[in-house]
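See structure below.
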């Protein structure tokens, strides 16, 4: 460990783009380069990256035209764990998780408990200038860092997934006011965030968790980690899934009302399923981001006394709670994480964009 002269990084110099008139696709470009180590201000630190997770959001920025606040060239990556090597003396040498969203703590949203959606928030790989996690180092404010203590034999790089994949579900559960004894549906339970959504719901006391997805192998795994029942939605429309859901409820004495539905895919099909399942006094929590538009008769919300709620990121204050859930094995990450050298970033992006990986990929610096 030490303070480098330059930060080694993989920058997105150009996202994938499509010409609307011709349909021609111009592939995105990632380049290995060096960027300056900024002069650290009071309350800032430099973190040596141990690992950075490859999130669906990164792929959205690179392939799908989702805009970043800081324009390319910039370094993507917001699921980061590492060790502080410079800056605030009280933090030097400590292992940390960097929150994916860091609120300003000054605005009205921050002061009223909604800092996770602070409009002035800093997000590595999006609104933190050049700096993201697919690097050797990253400068960040120290106020929001989550210190890692007593991690035992859990590799520090594995804990990168806490920065988003495991904490975003916790924030979603808080937005849903999830209580012990609640019944939960997770649409996309096999995805990078969904696999933790089911576990978090169960850890917080959900009575029943029904997982919906299209990969049977991953659905079988979900039954070991959070899910009580699963539905394979392959080649099924929303009505067919709803019929199967009702069958599970009838066979197991489960109610047809008051379900909390977490839509994690961000895909049109997943959203249609969620809206179709939304019934009396239910809540649908939109966790996954997508660009598709879905039609819905909003009068049903009135008739059902139901709710549709959005959720974004996670308050840094919740990170120690989720980290403790991971280290105490209430949330399993061992079966859901794989590591690869950061030099494989281009191939990894391509692979993950084509087929959702079985395990969350965490890239480890090998500059």
Go through (1) at pLDDT 95 or above; (2) buried (at least 24 other Cβ atoms within 10 Å of the Cβ) one by one and return the number of the condition residue 233 breaks. (2)
Scope the stretch 25-53; condition in a loop (DSSP other than H, G, I, E, B), at negative phi and touching a strand residue (DSSP E or B) at 6+ places or on another chain (Cβ under 7 Å); matching residues: 28, 37, 38, 40
Evaluation of residue 258 against (1) touching a residue at least 12 places away in the same chain (Cβ under 8 Å); (2) touching a helix residue (DSSP H, G or I) at 6+ places or on another chain (Cβ under 9 Å) (one fails), failing number: (2)
Return the only residue of 173, 160 being under 16 Å from residue 200 (Cα atoms), assigned to a helix (DSSP H, G or I) and touching a strand residue (DSSP E or B) at 6+ places or on another chain (Cβ under 9 Å). 173
Of (1) over 22 Å from the mean Cα position of the chain (by Cα); (2) closer than 25 Å to residue 170 by Cβ, residue 61 satisfies all except one. Which? (1)
Based on this model, can you work out whether residue 205 counts as assigned to a loop (DSSP other than H, G, I, E, B) and closer than 22 Å to residue 362 by Cβ? no
Of the conditions (1) outside any loop (DSSP other than H, G, I, E, B); (2) under 29 Å from residue 166 (Cβ atoms), residue 234 clears all except one; give me its number. (1)
Regarding residue 209, is this residue more than 25 Å from residue 52 (Cα to Cα), buried (at least 23 other Cβ atoms within 10 Å of the Cβ) and more than 20 Å from the chain's Cα centre (by Cα)? no
Whichever residue in the stretch 200-217 is out of contact with any strand residue (DSSP E or B) (no Cβ under 9 Å at 6 or more places or on another chain) and in contact (Cβ under 8 Å) with a residue 40 or more places away in the chain and, among such residues, is nearest to residue 174 (Cα to Cα): 200
Among the residues of the stretch 263-271, is any exposed (fewer than 13 other Cβ atoms within 10 Å of the Cβ), in contact (Cβ under 8 Å) with a residue 24 or more places away in the chain and within 27 Å of residue 110 (Cα to Cα)? no
Residue within the stretch 354-366 that is modelled with pLDDT of 95 or more, exposed (fewer than 14 other Cβ atoms within 10 Å of the Cβ), in contact with a helix residue (DSSP H, G or I) (Cβ under 6 Å, 6 or more places away or on another chain) and under 30 Å from residue 16 (Cα atoms) present: yes
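The values are calculated or read from the model by the stated rules, or taken from the named source; none is laboratory data. Predicted model, so just to flag it, every value in this text is computed and none were measured. Cβ sites come from the backbone with ideal geometry, for glycine too, and all protein chains shown count toward neighbours.
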